[in-house]
Amino acid sequence: MGNRVCALLDEYYPGMCASVFGYCGTNKPCKTHPAHNLYVSYCYHVSSDWISCQNHCLSGEECDPSSRYTNAIAAKELEGWAQIMDPSMLQIWMYPSNCGIYTYNAPLFRNALKDCRYLASLGVSQLFIDSQWIDDGLINEELTMYLYLHFAWDCDVTEEEELAMIREWCRLVYGEDAGDLLYEVDMLAEQAGDRVGCWSSLGSCADFDHEFISEYADQIWEYCDKALALAEDAECEAMIEKFVTGFRYMALLSRYDDMYAGGTDAEREFITAKYREVWDAFKKYNLPTHGGIDRGKWVYLPKSSDFDPDVHPHKWIEDYGDDDWIEK
């Protein structure tokens with residue numbers, strides 16, 4: 001169909017191009033070669049029978065091919081398209097995104113360099129990042145977007161240079177001293193994600209090693225507190241407070257049962273204070289805990305619930321009924 005449209009364009013509007021999607025059922029390469037003026041917009045992460053892994057490179061080499069979350073299938077399809085058409089006419093459309101799970105700072109930014117190197121190796125020259133979930137520093141989407149945009153133009157850098165760019169970004173956004181601390185917290189989150197293999201952040205907040213986060217929860221809380229104390233001005237303080245809220249939430253998920261449900265009075269008092277800080281921050285900034293596919297609606301803290309440390313924090317983003325959805 002796309003080729004027939006392009007033939008008409010060649011006849012009546014020479015130089016004009018058309019585009020078709022490789023997305024949700026049309027991912028597999030066609031048997032016929034696309035016309036010279038037909039773009040194929042191939043979408044990673046979403047298909048009719050698989051979801052791409054967001055913990056590993058788009059090449060799929062690091063993925064478990066038997067997992068539902070794997071890039072191996074998508075990479076095979078993409079390479080098939082590159083073999084039957086000019087790869088510069090391939091448009092890669094992807095979602096390196098938390099997709100509205102604002103309570104989970106998914107460490108997606110470390111894929112940017114590897115992904116851009118892989119796409120460049122195939123000859124792909126067009127990359128579209130769908131990351132419309134950015135919310136002023138609460139999650140890592142701004143950092144992820146920055147790195148993909150940079151490496152799309154220049155991916156001839158070392159891993160050391162990549163890490164230096166990430167640290168520099170944290171220092172520019174959150175202040176030099178606070179940025180160094182938040183960089184370390186981000187690296188802990190990345191390790192927690194790497195330890196659980198293939199996963200997708202499209203609709204989940206549990207894709208990290210809870211035991212690992214629990215082990216480092218005290219350090220995460222300490223660094224977050226110090227970063228807030230080092231805020232250079234009120235605007236920076238607000239950015240930091242929104243950013244650390246997600247990491248405090250991650251630590252709560254991993255430590256809650258041990259330190260509250262089965263802990264000493266002192267531990268229960270400590271976890272209650274942390275729970276209160278996170279709850280208050282979500283209330284203070286009216287931060288959504290979950291965004292749906294319908295971007296006009298967001299889930300906030302349940303309207304019917306008051307602060308209660310006996311309610312597991314994970315319930316914030318589970319089991320919402322229609323009454324808990326409000327217009328943005």
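Would you mind stating whether PRO34 is assigned to a loop (DSSP other than H, G, I, E, B), buried (at least 21 other Cβ atoms within 10 Å of the Cβ), over 30 Å from the mean Cα position of the chain (by Cα) and of a type outside the set (Val, Ile, Thr)? Yes; evaluated as a whole, the condition is true for this residue. With respect to the conditions (1) in contact (Cβ under 8 Å) with a residue 24 or more places away in the chain; (2) touching a strand residue (DSSP E or B) at 6+ places or on another chain (Cβ under 8 Å); (3) in a loop (DSSP other than H, G, I, E, B), TYR39 lacks only one, and its number is (3). Filtering the range 115-125 for residues that are modelled with pLDDT under 95, crowded, with 23+ Cβ neighbours inside 10 Å and in a loop (DSSP other than H, G, I, E, B) leaves an empty set.
Residues of the range 179-228 that are among the charged types (D, E, K, R) and part of a helix (DSSP H, G or I): ASP180, GLU184, ASP186, GLU190, ASP194, GLU211, GLU215, ASP218, GLU222, ASP225, LYS226. Within the range 63-91, can you find the residues that are assigned to a loop (DSSP other than H, G, I, E, B) and modelled with pLDDT under 95? Scanning the range 63-91 gives CYS63, ASP64, PRO65, SER66, SER67, ARG68, THR70, ASN71.
Criterion applied to GLY60, GLY2, GLY22, GLY15 was being more than 30 Å from ASP194 (Cβ to Cβ) and surrounded by 17 or more Cβ atoms within 10 Å (Cβ to Cβ), and the one residue passing it is GLY2.
The values are calculated or read from the model by the stated rules, or taken from the named source; none is laboratory data. The model shown is predicted, which means the values in this text are computed figures rather than measured ones. Cβ coordinates were reconstructed from backbone atoms using ideal geometry, including for glycine residues, and neighbour counts include every protein chain displayed.
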